[in-house]
Structures are given as structure tokens and as C-alpha cells.
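Colleague: This is the structure, below, for whatever I ask next.
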Amino acid sequence: MRLAWGPAEESFRDELSAFLDEHAPLEASVRYDFATAEGSDGSIPAWSRTWQATLFDHGWMIPGYPRDLGGRDATPVQTLVYLEEMAARGVSRSLHFPGYAIVAPSLLEFGTEAQRALVPAAIRGDTVWCIGMSEPNAGSDLAGLSTRAELDGDSFVVNGQKVWTSYATIAEKCCLYVRTDPAAPKHKGISLLIVDMDTPGVEVRPLRHINGAADFAEVFFTDVRIPAENLVGSLNDGWRLTQGSLAHERSGLWVEGVARLEHGVTGLIDLARECGVSDDPNVRRRIAEMYARASSLRALGYKGLASPDSGRMSPEHTYMKLASSEATSALFELGMDIQGAYGPVTDAVRGAEHGRWPLGFLITFANTIAGGSSEIQRNIIAQRVLGLPRT
Amino acid sequence: MDFSPSDDQVLLRDSIRALLAAECTPAVLRAHMSDLPAATPLWSHLGDFAALGVGPTVDLCIVMEELGYVAAPSPFFASACLAAPVLAAIGDPCLDEILAGTTTGTLALAGSDGMWRANSDSHKTFVPDAASADMVVVIGGGVGGADGGNCTVATQIADDARRITTLDSTRPLYNVECATGTPIGTIDPDALDAIIERATVALAAELVGTARRLLDMSLAYAKERVQFGVAIGSFQAIQHKLVDMSLDVERAWSAVYFAAMTLAAADAPDESDGSASRLDCKRAVHVAKATAGIAAKHCAKDGIQIHGGIGFTWEHDLHLFIRRAYASEALLGTTNWHHEQLGDLLF
């Protein structure tokens, strides 16, 4: 056991730092806690497209991938150093994660040659993707989805509705989970299709987040004809792919989650000073509790890397989404508490800080619900990590 | 940043674990309750590990974690974690016997307020294993006084040690009246703080072991106990409790070994082993003990709840570990105290 990184990691970090110093646009330095809070209509600004392409072209988009996929064959530990350095600087790779984080690994693992050819553009951000999973009656019970796809000649005909689909308002393509065998047990009749969002019969209706921004949408499918070759993997084998998708979505996110927490703790210290309560022992103790939560979670994330399965989903990392999302919510609530009567105020009474804590607090529920709610995470950990029997 | 144990560390963990599984059963704990010498045979084995008192901090934590898992009644903490580093700091010749495990020591530092920092009280409190220790190392006053602010170090035999009865009998604590004997040396208060910080991380490692024992017992019980025709571990109400307990144990473990590595890096002469400031160390120590305290209390409370009625009985072993958890959480600073200290370091 050793605190220091090895020389290979440190020189990797130096190389990344030099690249970021030269190329990272100011706009890419996001305020983690506040990035999408106001005025967002979900569109992707030009600087972000350029930045993502620059990262790809220099092999810094997904360092663990080979050169032709926007990487540089980095080791899992180097990838962690990459995520750590990006998070420490508050630099965001991309404003739309489904393409590079979920679609790319799924297509690389399960796609046909033609489908794998879509991957570079997905990672480079040239193609914007959304993922059609949740439905009005299939949220946590994802396997209960009922959007139908029936094979008719060389096409699937799709009818149904998806909901809470992030980036659907701007996406060009969608990875759509559909029911292809209604007679089979629910986990065994699901398939994955690639859908061009401009196909006739696809209708996107924006949904506003709890904070007012329109970043996700309902998507309706009415007699949408999808070429049969757009099937990813085998027919009725889609559930296995959802499991892969969710794992990809969760595995590296902990670094950003912890950075968001640490950034928030620094914010709380500043806030306590501004509010004149920095000498209040109760305030200090509660902020210290948050610091301890953040730093123990960072340690847990590092520990996960030391697991035999280094780089893949380790048991430790299944805890990270649950723990960091719940801690972040508590952190923003503490930010409101510290302000007393001003807690829920969103006017610009404190300069740049206006609305940071109350609006940020509302946004934190995205993390305790999306990608599997905290309750579903607990079910998964109970069964897969602790070996408890299924209900 | 590498949390994987070396081959030697794995060997160390496996050997102490096997030893304790055989030699430190709940039956030994129960015998020790009414008859302290019942645990003496255990020390004849554990004494072999006493040299870790001045050894690598991570290795010390590995042993302490296993001792916590069985709630070992043993002077290891008092002798190796507390007395040995002080004797080493002043270059006392008794150190060799302490490290060999042939002599046991303990440390009298906390005064009337129960806080483990330099003070000039002659009434010392919460001295672990004082009655059975061969020597009590006593830290006297001196802060801001004579001898350039260093604290005096003296030794005595605690023949008048008075037992403090607590929830836990596995680590007996004593009040000791310290005579103004002849000092055998002096120690810088900052060096003393660093020794207490290292002992605090070691105690936190022990707490994690106790927490993990409570979790393991509760997990095993939830898998075997049948109600309403199924194992109670199939109910979400129970599953979610166990997940939250295990999360607290996981993060406490990580915080403890992060702190151990931080202390090791601060002492390392070679920059490539990492570097850490005194502030880094203090923060990491507070996080480790507070987080371990949270985990241990959480596992104690929800552990008894998951066990239901049987966990509330004297005959079931669960309470042995619940008692140890609460006693260790309060020793060398409660969770609250460590959060308060950490808060002061953040502002």
C-alpha cells in the first residue's frame, strides 16, 4: 500500500496537463454543481463540439481506447489519473455523455462491423446520441418496458413511448430498447435497435427539469420503420446489453462525483464565512462531516482500483454512485441551512452565488434517481455484493 | 496511490487472522469478563507482533483490524501502539523488551478531562490495561514550562490503579494517580501528538474490524433466519440496512488505510513514496477515526435490530462486539470530537 502514484502515472499527468494548458477552452471549466441550472435548452454550443473533437484528435477523449477511437491505450490507473486531473481542474470532456460513455462501449462489444463504424463519431461528438430506456410504466422496473417492435419483412415497426430521455431534443441517433417477444418472460423479450431520430413517426416533446431547464424529453414512436440490420446483438437478447450499458455508465463516474463533493465543501466554507457563521461550532462540525464523507469516498474509489478486477466494475464502485449522490444532496441542503432564512432565496443577493444552493439542491435528485435510483442500487448491492436472496 | 496489500501484508493478515480464530473465541472473551488473567495465554502468541509498535503503520493497522474483529482482550494496543513509540522517542532501553512482547507497558496521558493531549494533571484517566501492565509510561506537564516546553516522561508500576467500569470489559480502563517520580526523559509535544495520531489510526483500524464483525454476524443471520417462510435477508427493509452498514464499513476501511498511508508518506525519506504535510496527516487521522466510529456504531445499532430478540440476549455473542464498538468509539476522541477538530482545521 502506497500513497504516491508511480512515475508512469506522474509523467502521464504531466503530458495531460501540458495538453490542457494549451487547448482547454475556458468554457469547458464547468461549475459541477451548477452546470445546467439556468436557461439551458439542451443545445450543444460550438465550443463544446470543437473541444470534444480536439480531445479525440489528440487521443485524450477516452485515454484507455486505441488511437483510432480517441485514446492512447492508457492503463486503467492512467485513466484514473486522467479523470482525477480533469475533475480537479473542473474540465468537462463533453456536454453529452451517452454517445461516448454508453453507446460506444456497447457497440464495440455487441455491434456488427457496420455498427462499430458508428463508434468514432459517437466518441468524437460528431453524432449526438440518446438512449431510449425508461417508459411511463417502466422506470425502475426497466424490464417491464412495452414499446413494441414487430418484424415486417426487412424492417422492424416500432410503436410506443419513452420518457425522461436525456438529449432527445438534439440527438441524431437513439439506442432504443424495445419489446420484440411479448410472449417471453419479460427479461427475455427485449432487443436493442439503432434509430435515426429523423425517421418518420418519431416525435420528441421536450420535458422541463425540476429547475426549469429543458434537458430531457418524451419520445413517441408511431409506426416507425427501422431497418432490420439496425438490431444490435441478438434478437431478444437486449436485457444483457442494458446491464452492460448501466455498468459503463457507472464505472468511471465516481471521480467526478467525488470532485463535485469536494468542490461543494470548499463552497460551504466560503459560504459560512460570507454568512458570518464560520465561528459557529455546529456549522464547522457539519461541514467537517461533509469533508469526511467526501474524503472517505475518494479513498473508497481508489480502493476499488486495487481490486483484482482493476479497471472494470469492482464491488467498491457499485457503492460510489449511491454514496456520492446521497452525500451531494445532503451537502446542498446544508448550504441552504447555513443561510437560514435565505436558504431558498434564488435572487442575486450574494453575487455569483445566487441560487447555487437551492437550485443545486433540486438538481442533486437527478443523481439519486437517474441511472438506477438509490433504492435500486441498494437492491443490486444487496444481491450481487452481499449475496442476499432475491425478494 | 495503491491500496493493494503486498504479499508480505497478505501473509501478515492471514497469519494473525488464523491465530485469532483459534485462540480468541467468544468463550475466551466471556472467561476474561470475570477473570482478567483468562486472556493471558493469548498474549503469549500476540507478543510476537509487538514490534509493529514502531513498525510500518499500514502493517500495524492490519494487525489491529484483526484484533478488532475478535474484540481481543489484549495489551497490544496499550503496549505496542501507545507505550512503545513514546519509549522509542526518548530512546529508553526498556523498549526492546516491549517490542519483544516480554514486557508490557501502557500510557498515562489523559487528565481529568479525558483528552489525550499534554497536561500537568497527576490524576490520569482512561489508562488501558494499567493494572496488568509491567510499566505505566506517564506523560507529565511542561507545556510552556521548564525544559523548553517539552513534556516529562516517567515510568511507574500502577499498583493503585482503579478500574473504570464501562460497557466493555475486553479492554479494561483505569484511573491512575501518578507520583512525581524521576523522569526518564522528555518529549516534544508535537512528537507526542504525532504518536497519538498514529495510535488513533490504529484504533480506528481496530474499530473497522469490530464493525466488520458486527456486519458479518448480521449478514449471516439475515441469510439463515426464516420468518414468513423466507430468509429475512430477502426483505428490502433488511437488505437496505445491510447495504448501508456495509457501505459505512467499506468507506471507513478506506479512510483508515488512506490515513495510514498518509502517515507513512509523511515519515518516508524518499519522495517517490509520496509526501504528506502535518496538516494532511491531521485531517486524514480525524477523518479515519470519525468515519470508523460512525461505521462501528451504525453496525452495532442496526446489527442488533436485524438480529431481533436473540441479539438482545446475554447468551448471544453480538453484545460483546457492540460493547467494544461503543467503548472504542469513545476512546482517543469520539466521532463528534474528531469532526470538531477537523472543522477547526478547515477554517
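The values are calculated or read from the model by the stated rules, or taken from the named source; none is laboratory data. Fair warning: this is a prediction, and the values are worked out from it, not measured in the lab. Virtual Cβ from ideal backbone geometry, glycine too; neighbours counted across all protein chains shown.
Colleague: In segment B:277-290, what residues are touching a Ser or Thr at 6+ places or on another chain (Cβ under 8 Å) and crowded, with 21+ Cβ neighbours inside 10 Å? Reasoning before the result, please.
Modeller: The first filter runs over segment B:277-290 and keeps only residues touching a Ser or Thr at 6+ places or on another chain (Cβ under 8 Å), leaving B:280-281, B:283-285, B:287-290.
Those that are touching a Ser or Thr at 6+ places or on another chain (Cβ under 8 Å) and crowded, with 21+ Cβ neighbours inside 10 Å: B:Cys281, B:Arg283, B:Ala284, B:Val285, B:Val287, B:Ala288, B:Lys289, B:Ala290.
Colleague: Between A:Ala184, A:Ala213, A:Ala228, A:Ala217, which is at negative phi, buried (at least 22 other Cβ atoms within 10 Å of the Cβ) and not charged (D, E, K, R)? If you could, list the steps in order and put the result at the bottom.
Modeller: Details: A:Ala184 fails: buried (at least 22 other Cβ atoms within 10 Å of the Cβ); A:Ala213 fails: buried (at least 22 other Cβ atoms within 10 Å of the Cβ); A:Ala228 fails: buried (at least 22 other Cβ atoms within 10 Å of the Cβ).
After ruling out the rest, the residue left standing is A:Ala217.
Colleague: Tally the residues that are among the charged types (D, E, K, R) and surrounded by 19 or more Cβ atoms within 10 Å (Cβ to Cβ), restricting the search to segment A:86-129. Spell out how you get there, then give the answer.
Modeller: Going residue by residue through segment A:86-129, those that are among the charged types (D, E, K, R) are A:89, A:93, A:109, A:113, A:116, A:124, A:126.
Still in the list and also surrounded by 19 or more Cβ atoms within 10 Å (Cβ to Cβ): A:93, A:124.
Number of matching residues: 2.
Colleague: A further question on this structure: Could you tell me how many of the residues in segment B:248-258 are among the charged types (D, E, K, R) and more than 7 Å from chain A (Cβ to nearest Cβ)? Give the steps one after another, and end with the answer.
Modeller: Our first condition is that a residue be among the charged types (D, E, K, R); within segment B:248-258, this holds for B:248, B:250-251.
With more than 7 Å from chain A (Cβ to nearest Cβ) added as a condition, the list becomes B:248.
Selection size over segment B:248-258: 1.
Colleague: Looking for something of a type outside the set (S, T, N, Q) and closer than 23 Å to A:Pro182 by Cα - is there at least one such residue anywhere in segment A:113-121? Can you show your working first?
Modeller: Pass one, segment A:113-121, residues of a type outside the set (S, T, N, Q): A:113-114, A:116-121.
In the following step, the residues that additionally are closer than 23 Å to A:Pro182 by Cα were identified as none.
No, that holds for no residue.
Colleague: Might you check whether a residue that is more than 15 Å from B:Ile304 (Cα to Cα), at the interface with another protein chain (Cβ under 10 Å from one of its Cβ atoms), β-branched (Val, Ile, Thr) and touching a residue at least 60 places away in the same chain (Cβ under 8 Å) occurs anywhere in segment B:227-247?
Modeller: no
Colleague: For segment B:273-347, give me every one of the helices (runs of 4 or more DSSP H) that falls completely inside it and has 3 or more residues that are touching a helix residue (DSSP H, G or I) at 6+ places or on another chain (Cβ under 7 Å), within 11 Å of chain A (Cβ to nearest Cβ) and of a type in the set (Val, Ile, Thr).
Modeller: Working: elements: B:278-307, B:318-330, B:335-346.
Once the helices (runs of 4 or more DSSP H) in segment B:273-347 are filtered for at least 3 residues that are touching a helix residue (DSSP H, G or I) at 6+ places or on another chain (Cβ under 7 Å), within 11 Å of chain A (Cβ to nearest Cβ) and of a type in the set (Val, Ile, Thr), what remains is B:278-307.
Colleague: Quick one: which helices (runs of 4 or more DSSP H) sit completely within segment A:37-141 and have at least 2 residues that are over 24 Å from A:Leu192 (Cβ atoms)? Spell out the reasoning first.
Modeller: Details: elements: A:46-57, A:76-89, A:104-110, A:113-116, A:119-124.
Ranges flagged: A:46-57, A:76-89.
Colleague: Right, another one. Select, from B:Ala202, B:Ala222, B:Ala194, B:Ala266, the only residue that is in a helix (DSSP H, G or I), at pLDDT 95 or above and within 14 Å of chain A (Cβ to nearest Cβ). Walk me through how you get there before you give the answer.
Modeller: Details: B:Ala202 fails: within 14 Å of chain A (Cβ to nearest Cβ); B:Ala194 fails: within 14 Å of chain A (Cβ to nearest Cβ); B:Ala266 fails: at pLDDT 95 or above.
None of the others qualify; the one that does is B:Ala222.
Colleague: Consider only pairs whose beta carbons are under 6 Å apart and that are at least six residues apart or on different chains; among these, list those whose first residue lies in segment A:345-359 and is within 19 Å of A:Ala330 (Cα to Cα) and part of a helix (DSSP H, G or I) and whose second residue is of a type in the set (Phe, Trp, Tyr) and at pLDDT 65 or above.
Modeller: A:Trp357/A:Phe332
Yes/no per residue for (1) more than 10 Å from chain B (Cβ to nearest Cβ); (2) surrounded by 24 or more Cβ atoms within 10 Å (Cβ to Cβ); (3) part of a helix (DSSP H, G or I):
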| position | (1), (2), (3) |
| --- | --- |
| A:Glu262 | yes, no, yes |
| A:Thr266 | no, no, yes |
| A:Asp270 | yes, no, yes |
| A:Asp279 | no, no, no |
| A:Arg285 | no, no, yes |
| A:Arg293 | no, yes, yes |
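Colleague: So, one more: If a residue has to be within 11 Å of chain B (Cβ to nearest Cβ) and more than 11 Å from B:Gln239 (Cα to Cα) to count, how many in segment A:363-375 make the cut?
Modeller: Step one: list which residues in segment A:363-375 are within 11 Å of chain B (Cβ to nearest Cβ), which gives A:374-375.
With more than 11 Å from B:Gln239 (Cα to Cα) added as a condition, the list becomes A:374.
Counting residues in segment A:363-375 that are within 11 Å of chain B (Cβ to nearest Cβ) and more than 11 Å from B:Gln239 (Cα to Cα) gives 1.
Colleague: If a residue has to be more than 20 Å from the chain's Cα centre (by Cα) and at pLDDT 95 or above to count, how many in segment B:101-130 make the cut?
Modeller: The qualifying residues number 1.
Colleague: State all residues of segment B:110-130 that are touching a Pro at 6+ places or on another chain (Cβ under 9 Å) and either surrounded by 18 or more Cβ atoms within 10 Å (Cβ to Cβ) or more than 25 Å from B:Arg324 (Cβ to Cβ) (or both); if no residue qualifies, say none. Please lay out each step first, then the result.
Modeller: Going through segment B:110-130, the residues touching a Pro at 6+ places or on another chain (Cβ under 9 Å) turn out to be B:117-118, B:128-130.
Once the filter is applied, which keeps residues that are touching a Pro at 6+ places or on another chain (Cβ under 9 Å) and either surrounded by 18 or more Cβ atoms within 10 Å (Cβ to Cβ) or more than 25 Å from B:Arg324 (Cβ to Cβ) (or both), segment B:110-130 yields B:Ala118, B:Pro128, B:Asp129, B:Ala130.
Colleague: Among the residues of segment B:86-104 satisfying the criterion of being within 24 Å of B:Arg17 (Cα to Cα) and touching a strand residue (DSSP E or B) at 6+ places or on another chain (Cβ under 9 Å), which is surrounded by the most Cβ atoms within 10 Å (Cβ to Cβ)?
Modeller: Step one: of segment B:86-104, the residues within 24 Å of B:Arg17 (Cα to Cα) are B:98-104.
With the extra rule that they be touching a strand residue (DSSP E or B) at 6+ places or on another chain (Cβ under 9 Å), the set shrinks to B:98, B:103-104.
On the way: B:Ile98: 26, B:Thr103: 18, B:Thr104: 22.
Looking at residues that are within 24 Å of B:Arg17 (Cα to Cα) and touching a strand residue (DSSP E or B) at 6+ places or on another chain (Cβ under 9 Å), I get B:Ile98.
Colleague: Right, here's the next one. Since A:Val255 meets every condition but one in (1) touching a Leu at 6+ places or on another chain (Cβ under 7 Å); (2) within 15 Å of A:Leu176 (Cα to Cα), which condition does it not meet?
Modeller: (2)
Colleague: Against the conditions (1) out of contact with any Ser or Thr (no Cβ under 7 Å at 6 or more places or on another chain); (2) buried (at least 24 other Cβ atoms within 10 Å of the Cβ); (3) under 29 Å from B:Ala211 (Cβ atoms); (4) of a type in the set (A, V, I, L, M), where does B:Ala83 fall short? Just the number, please.
Modeller: Among (1) out of contact with any Ser or Thr (no Cβ under 7 Å at 6 or more places or on another chain); (2) buried (at least 24 other Cβ atoms within 10 Å of the Cβ); (3) under 29 Å from B:Ala211 (Cβ atoms); (4) of a type in the set (A, V, I, L, M), B:Ala83 violates only (1).
Colleague: Now, a different point. Test A:Glu316 against the stated conditions and say whether it is within 10 Å of chain B (Cβ to nearest Cβ) and modelled with pLDDT of 90 or more. Before you say what the answer is, go through the steps one by one.
Modeller: Values: within 10 Å of chain B (Cβ to nearest Cβ): yes; modelled with pLDDT of 90 or more: no.
Against the criterion (within 10 Å of chain B (Cβ to nearest Cβ) and modelled with pLDDT of 90 or more), A:Glu316 does not qualify.
Colleague: Kindly establish whether A:Phe332 is modelled with pLDDT of 90 or more, away from chain B (no Cβ under 14 Å), closer than 17 Å to A:Leu271 by Cα and not in a loop (DSSP other than H, G, I, E, B). Break it down stepwise before answering.
Modeller: Details: modelled with pLDDT of 90 or more: yes; away from chain B (no Cβ under 14 Å): yes; closer than 17 Å to A:Leu271 by Cα: yes; not in a loop (DSSP other than H, G, I, E, B): yes.
In short, yes.
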